[in-house]
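The structure under discussion appears below in the form of structure tokens.
The values are calculated or read from the model by the stated rules, or taken from the named source; none is laboratory data. This is a predicted model, so every value here is computed, not measured. Reconstructed Cβ throughout: ideal geometry from the backbone, glycine too, with neighbour counts over all protein chains shown.
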Amino acid sequence: MSCHHDAAGLTLVARAYLSRYHDYLVTGSAEWHSGVMTTSVQVERTLADQLTSLPATPVAGTRLPDDARRTELAAFLRSRRERIAPAQVGLPISGRRRTPGLRREEVAQLAGVGVTWYTWLEQGRDIHASEPVLAAIAATLRLDPYERVHLYTLAGQPEPPIERDCKAINPTMLVMLHQLEPIPASVTNARFDILARNRTYDRMVGGLDVLPFEDRNSLVQAFTNPAWRARIVDWDENAPRLVAQFRANMAQHVTEQTWKCLVRRLREQSPEFETLWNHHDVRAPENFTKRYRNPEVGLLRLEYTQLWLGPRSEIKLTTYTPADDETWQKVRTLQELAEL
């Protein structure tokens with residue numbers, strides 16, 4: 001994190017990175033002014049806000065809110081479908097395509113829903129889309145967290161599970177992340193999504209802002225990003241532990257589409273994950289000493305400690321406390337680099 005002064009040189013501002021946060025998932029950094037947190041990105045009113053402002057009693061020429069919502073949902077799905085090239089989802093390009101992006105039947109096939117049903121959804125028909133179906137469509141269309149929330153709102157469904165996790169990260173938690181500097185620290189959920197982190201952690205792992213939202217996940221990075229994997233010194237020991245803990249976490253979420261989509265993606269993109277997943281090993285969370293190699297400061301020896309937010313919470317604060325004096329000096333250097 002970095003601390004700086006405003007133009008007058010009077011107000012101290014602390015910053016912490018947020019992967020997904022705020023009512024509609026503002027990303028970027030959070031700022032505290034005299035102890036009050038604000039966000040660095042402004043959130044526009046959503047369509048849901050606009051719909052609730054419509055008259056309770058329809059007048060001539062006014063669409064009903066549900067009708068307007070379905071029309072907007074249809075347009076939104078078409079626009080997201082048309083921006084994805086077949087090659088992006090592993091489909092072969094055969095012959096001339098009359099429409100840009102994916103065809104409706106291709107989206108339906110990839111999402112595992114009926115072609116007729118998906119066509120009706122894009123036509124604004126009065127049909128109900130369940131949470132698992134919306135999750136599959138969102139994954140197929142590669143929606144980012146903002147778009148995913150928008151999809152659920154238009155479909156009349158509660159917000160997605162990951163976004164509910166993000167709201168659990170309150171200003172107090174962000175203050176803790178700041179005060180822990182220079183100790184690297186992050187907040188994650190049971191799926192290993194990185195929900196928030198301080199600047200030393202961000203510098204240590206190589207920076208998350210350059211990654212798409214759906215890639216800000218420790219499993220995804222460890223098994224699909226060679227640069228991330230190269231920083232983990234004891235890979236042969238840590239990789240099985242990571243997969244086994246994830247499988248244990250998934251026991252309570254086996255029917256949830258977001259979890260199944262993550263597993264399918266990892267099995268398709270990483271033969272090593274596929275092998276470890278097929279072992280069906282499970283492990284409890286562990287605190288241990290982790291060795292990490294950062295290209296800017298070299299080898300780090302860190303005490304890996306996990307602190308859960310509550311007795312039933314799946315969200316945890318993870319700290320990486322230096323295990324020796326040399327590592328303490330190196331994390332201070334990382335903090336200084338992050339503040340430049």
Quiz item: Looking at 169, 162, which one is modelled with pLDDT under 85, surrounded by 19 or more Cβ atoms within 10 Å (Cβ to Cβ), under 21 Å from the mean Cα position of the chain (by Cα) and outside any helix (DSSP H, G or I)?
Solution: 169
Quiz prompt | Counted residues, segment 131-149 - those being under 13 Å from the mean Cα position of the chain (by Cα), in contact (Cβ under 8 Å) with a residue 40 or more places away in the chain and not in a loop (DSSP other than H, G, I, E, B) | solution = 5
Practice problem: Exactly one condition in (1) under 24 Å from residue 175 (Cβ atoms); (2) surrounded by fewer than 22 Cβ atoms within 10 Å (Cβ to Cβ); (3) polar (S, T, N, Q) is not met by residue 188; state its number. | Solution: (2)
Exercise. Please state which one of 295, 285 is touching a helix residue (DSSP H, G or I) at 6+ places or on another chain (Cβ under 7 Å) and over 28 Å from residue 90 (Cβ atoms).
Key: 285
Quiz item: With (1) surrounded by fewer than 21 Cβ atoms within 10 Å (Cβ to Cβ); (2) at pLDDT below 95 as the list, and residue 194 as the residue in question, which single condition is left unmet?
Solution: (1)
Exercise. Run residue 338 past the list (1) farther than 30 Å from residue 136 by Cβ; (2) among the aliphatic types (A, V, I, L, M); (3) touching a strand residue (DSSP E or B) at 6+ places or on another chain (Cβ under 7 Å); (4) in contact (Cβ under 8 Å) with a residue 24 or more places away in the chain and report the number of the one that doesn't hold.
Key: (3)
Quiz item: Scanning segment 251-267 for residues that are touching a residue at least 24 places away in the same chain (Cβ under 8 Å) and assigned to a helix (DSSP H, G or I), which turns out farthest from residue 148 (Cα to Cα)?
Solution: 266
Exercise. Could you give me the residue pairs with C-beta distances under 7 Å whose first residue belongs to segment 268-289 and is touching a residue at least 40 places away in the same chain (Cβ under 8 Å), whose second residue is β-branched (Val, Ile, Thr) wherever it lies, and which are 6+ apart or on separate chains?
Key: 269/224; 270/224; 273/243
Self-check item: Residue satisfying all of: in segment 243-269; more than 18 Å from the chain's Cα centre (by Cα) and surrounded by 15 or more Cβ atoms within 10 Å (Cβ to Cβ); nearest to residue 287 (Cα to Cα) among these
Solution: 245
Practice problem: Scan segment 293-316 for residues that are at pLDDT below 95 and either exposed (fewer than 15 other Cβ atoms within 10 Å of the Cβ) or more than 25 Å from the chain's Cα centre (by Cα) (or both) and report the count. | Solution: 7
Quiz item: Does residue 217 count as touching a strand residue (DSSP E or B) at 6+ places or on another chain (Cβ under 6 Å), under 26 Å from residue 252 (Cα atoms) and not hydrophobic (A, V, I, L, M, F, W, C)?
Solution: yes
Self-check item: Matching residues in segment 51-94 - criterion: being modelled with pLDDT under 75 and under 15 Å from residue 151 (Cα atoms)
Solution: 51
Practice problem: Determine the pairs where a residue that is on the phi < 0 side of the Ramachandran plot and of a type in the set (Val, Ile, Thr), located within segment 81-101, has a partner that is in a loop (DSSP other than H, G, I, E, B) and surrounded by 10 or more Cβ atoms within 10 Å (Cβ to Cβ) with Cβ atoms under 9 Å apart, the partner being 6 or more residues away or on another chain. | Solution: 84/101; 84/102; 84/141; 84/142; 89/102; 89/142; 93/85
